[in-house]
Amino acid sequence: KTNHASGKVDIFDFSMNKVVSDIPCESKIIDEQNHLWCLGKNLQLSNGVYFCRISAGNEKEWEKLMIINNK
């Protein structure tokens, strides 16, 4: 959870190799405990599960990202 409305996302594979960096993103507040981070639709990633580091201000959060049927 962050109080920032925008930030950037870095995406890593399961070996923790950075595959995409500095993707601009913005936060949409769903409720007091949940935020939806909106990424660009132009990501060129293969289907699979990735780790994401969301950076907003001095705060960092780690999440998982699943890409399915990316064309």
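The values are calculated or read from the model by the stated rules, or taken from the named source; none is laboratory data. Note that this is a predicted model, so its numbers are computed, not measured. In this analysis, Cβ positions are derived from the backbone assuming ideal geometry, glycine residues included, and neighbour counts consider all displayed protein chains. These area figures cover heavy atoms from the full protein model, side chains too; ligands, DNA and RNA do not enter into them. Shrake-Rupley method; radii C 1.70, N 1.55, O 1.52, S 1.80 Å.
I'd like the full set of residues that are in contact with a Lys or Arg (Cβ under 7 Å, 6 or more places away or on another chain), at pLDDT below 90 and surrounded by 15 or more Cβ atoms within 10 Å (Cβ to Cβ), limited to the range 26-51. Of everything in the range 26-51, just one residue is in contact with a Lys or Arg (Cβ under 7 Å, 6 or more places away or on another chain), at pLDDT below 90 and surrounded by 15 or more Cβ atoms within 10 Å (Cβ to Cβ), namely His35.
Looking across the range 6-25 at every residue that is open to solvent by 70 Å² or more (accessible area, probe 1.4 Å) and not in a strand (DSSP E or B), the one that is modelled with the lowest pLDDT is identified as Phe14. For beta carbons closer than 6 Å, sequence separation of 6+ or different chains, a first residue in the range 42-57 that is part of a loop (DSSP other than H, G, I, E, B) and a second that is open to solvent by less than 30 Å² (accessible area, probe 1.4 Å), the qualifying pairs are Leu45/Ile67; Asn47/Ile67.
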